[in-house]
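Just so you know, all these numbers are worked out from the coordinates, no wet-lab data involved. Owing to the predicted nature of the structure, the values given are computational and were not obtained by experimental measurement. Cβ placement follows ideal geometry from the backbone for every residue including glycine, while neighbour counts extend to all protein chains displayed.
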Amino acid sequence: MKRTKLASAVLGAFALAVSGTSFAADKLSDIQNADKQIQTDAAKSQQKVNKLYDQAQDMLYEYRLVVDETETLKEYNDYVATLVNDQQQRIESLQNQINGIERTKQGVVPLMTRMIESLEQFVALDVPFEIEERTARVARLKEVMGDSNVSTSEKYRLVLDAYQIENEYGNKMNAYEGKLAIDGKEIVVDFFHLGRVVFLAQSLDQKHAWVWDNDSRNWTAMSDDSMRNVSTAIKMARRQAAPDLFRVPVKTAESAE
């Protein structure tokens with residue numbers, strides 16, 4: 001009986017020991033599993049932290065870019081505003097000049113009209129050398145004045161050119177062929193003029209010559225002994241003869257009473 005109780009006690013103790021060992025092993029396994037879970041969770045948390053950090057860095061970089069772009073844009077806007085202000089001032093200056101030009105046109109156009117009228121009257125009363133060319137020039141000026149495609153400055157230039165040409169005639173010696181109406185007949189002659197002092201005409205056969213009298217507005221026949229001098233003058237004007245002295249009739253101004 002005692003042995004049976006002792007054996008039961010030993011068996012009970014052994015079972016208890018085995019049971020305790022199994023319990024301890026289970027606890028250790030639980031602890032190890034928990035530690036692994038903690039490490040796994042910690043790794044996941046670290047990954048989240050790293051991801052959030054990277055996102056924060058990206059946002060910080062983008063923010064700095066936006067700030068830099070904003071400052072650059074502000075500087076550019078300030079620069080553009082300066083340009084716009086300068087252009088506005090230039091526009092105002094140009095507008096003032098345009099207004100001045102318009103006011104000038106209002107005075108220049110009537111002036112040009114009077115100048116053309118005076119030139120037309122002058123040509124009509126002047127010695128009639130190269131008369132076709134001169135009257136045609138005046139006619140072109142009148143036509144140009146009515147042409148809206150020609151600027152005012154160009155019109156004014158043409159008027160001044162016409163005056164300059166008329167002025168140069170006073171120092172010009174020229175000979176040219178043309179037609180002359182004498183005694184109801186039209187004949188071909190050589191014209192010669194020395195400035196506005198002398199205006200002559202000679203038939204092509206060099207047998208007849210005439211001198212223009214601007215007071216009577218008529219041609220006067222020249223003597224036969226003048227033919228050679230007239231021919232010489234015509235050749236000199238055409239550079240067919242060397243410069244030399246020649247005699248031609250010149251009407252002198254009457255002395256004042």
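The calculated FRET efficiency for S223 paired with L160, based on their beta-carbon distance and R0 = 51 Å, is about 0.75. Segment V197..Q46, full-extension length gain: 42.7 nm, with 0.36 nm per residue of separation and the alpha-carbon distance subtracted.
How big is the gap, in Å, between the Cα center of segment 155-207 and the Cα center of segment 53-81? When both Cα centres are located, 83 Å separates them.
For a 26 Å ceiling on Cα separation, which of these pairs sit above it: K142/K235; K179/K207; K155/K179? Don't skip to the end; give the middle numbers.
On the way: K142/K235 36 Å; K179/K207 16 Å; K155/K179 32 Å.
K142/K235; K155/K179, as the Cα separations exceed 26 Å there.
Sorting I31, I182, I234 from the fewest to the most surrounding beta carbons within 10 angstrom yields I31, I182, I234. If R0 is 41 Å, the Cβ-Cβ spacing of L125 and N96 corresponds to a FRET efficiency of close to 0.40. Residues within the reach of a label modelled at Q88 (point 7 angstrom out along Cα to beta-carbon, backbone nitrogen below 20 Å), restricted to segment 59-81, are 74-81.
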